[in-house]
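The values are calculated or read from the model by the stated rules, or taken from the named source; none is laboratory data. Note that the structure is predicted; figures quoted are calculated from it, not measured. Methodologically, a virtual Cβ is constructed for each residue, glycine included, from the backbone with ideal geometry; neighbour enumeration extends over all protein chains shown.
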């Protein structure tokens, strides 16, 4: 039985410390696994992708592709830059294994526009989280990614229980994002060290970040979103779930790649300290 399905390209990420696996769905799958869930990951990769990086408990279904999505991660004037070097095949609703359609939770997390919007409605009764950043980017000159409008928002939002965006993906302002967040039961805009804005039935609330010594920020937003989805489904309290998500995201930046993603016990300990400080 699969508890959570993550959908999106896993990638090769070129970083200053070398090439490593990555992608939003990669971090979502690891987060759910560390929190004790059985995870299904639907992705598309070339035959040379090291699928043995995924531990037992993460079940990977792949769509064959001549290439794996590959990004170069950099910084320019203090902001993160993404350069798309290659792209894997699209992920369509027909690719979702039939046995996974009954999962309780799903995370749609495109990184290069690869996820079919129809996948938001492909589950029987799942709480669907949407991380739309990959629908909000386009490939420019030399592969450098820049912003574009989210064209399929109106088709996806009616089937979305949780919407999470980063302020980095909103360079033109947050007006459109706020309108989207008022159409879903739960949502958030993540703001790095400044925490996040939580939206509950369209109303905004500030969420403090947890203190962290940053080593690698990659994937922190994906960890936040996945933890928020899992903890809200588990306890039904959006503020408690958001605090847990803040703690999980802070822990994740304290090591490279997925190494800082916490398990259930470590999250409980960190969350208790977070509440004591407040």
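Could you tell me whether segment 251-269 includes any residue that is touching a residue at least 40 places away in the same chain (Cβ under 8 Å), in contact with a strand residue (DSSP E or B) (Cβ under 9 Å, 6 or more places away or on another chain), part of a helix (DSSP H, G or I) and surrounded by 15 or more Cβ atoms within 10 Å (Cβ to Cβ)?
yes
Can you tell me which condition residue 59 does not meet? The list is (1) in contact with a strand residue (DSSP E or B) (Cβ under 7 Å, 6 or more places away or on another chain); (2) touching a residue at least 40 places away in the same chain (Cβ under 8 Å); (3) crowded, with 20+ Cβ neighbours inside 10 Å; (4) closer than 19 Å to residue 31 by Cβ, and all the others hold.
Of everything listed in (1) in contact with a strand residue (DSSP E or B) (Cβ under 7 Å, 6 or more places away or on another chain); (2) touching a residue at least 40 places away in the same chain (Cβ under 8 Å); (3) crowded, with 20+ Cβ neighbours inside 10 Å; (4) closer than 19 Å to residue 31 by Cβ, residue 59 misses just condition (3).
Take the residues in segment 88-109 that are farther than 25 Å from residue 234 by Cα and either in contact with a helix residue (DSSP H, G or I) (Cβ under 7 Å, 6 or more places away or on another chain) or touching a residue at least 60 places away in the same chain (Cβ under 8 Å) (or both); name whichever of them is surrounded by the fewest Cβ atoms within 10 Å (Cβ to Cβ).
For segment 88-109, the residue satisfying everything is 93.
Any residue in segment 207-229 that is at positive phi and crowded, with 23+ Cβ neighbours inside 10 Å sitting within a Cβ distance under 9 Å of a residue that is in a loop (DSSP other than H, G, I, E, B) and at pLDDT 95 or above? List the pairs, counting only those 6 or more apart or interchain.
Pairs that qualify, where the first residue is at positive phi and crowded, with 23+ Cβ neighbours inside 10 Å and the partner is in a loop (DSSP other than H, G, I, E, B) and at pLDDT 95 or above, are 219/23; 219/253; 219/261.
Within segment 155-173, how many residues are surrounded by fewer than 14 Cβ atoms within 10 Å (Cβ to Cβ) and touching a helix residue (DSSP H, G or I) at 6+ places or on another chain (Cβ under 9 Å)?
Summing the residues that are surrounded by fewer than 14 Cβ atoms within 10 Å (Cβ to Cβ) and touching a helix residue (DSSP H, G or I) at 6+ places or on another chain (Cβ under 9 Å) in segment 155-173 gives 2.
Here's a check for you: in segment 153-202, which residue that is free of Cβ contacts under 8 Å to residues at least 40 places away in the same chain and in a strand (DSSP E or B) is farthest from residue 93 (Cα to Cα)?
That would be 197.
For segment 1-32, give me each residue that is part of a strand (DSSP E or B) and either within 18 Å of residue 234 (Cβ to Cβ) or in contact (Cβ under 8 Å) with a residue 60 or more places away in the chain (or both).
Matches in segment 1-32: 4, 5, 6, 7, 11, 13, 14, 15, 20, 21, 22.
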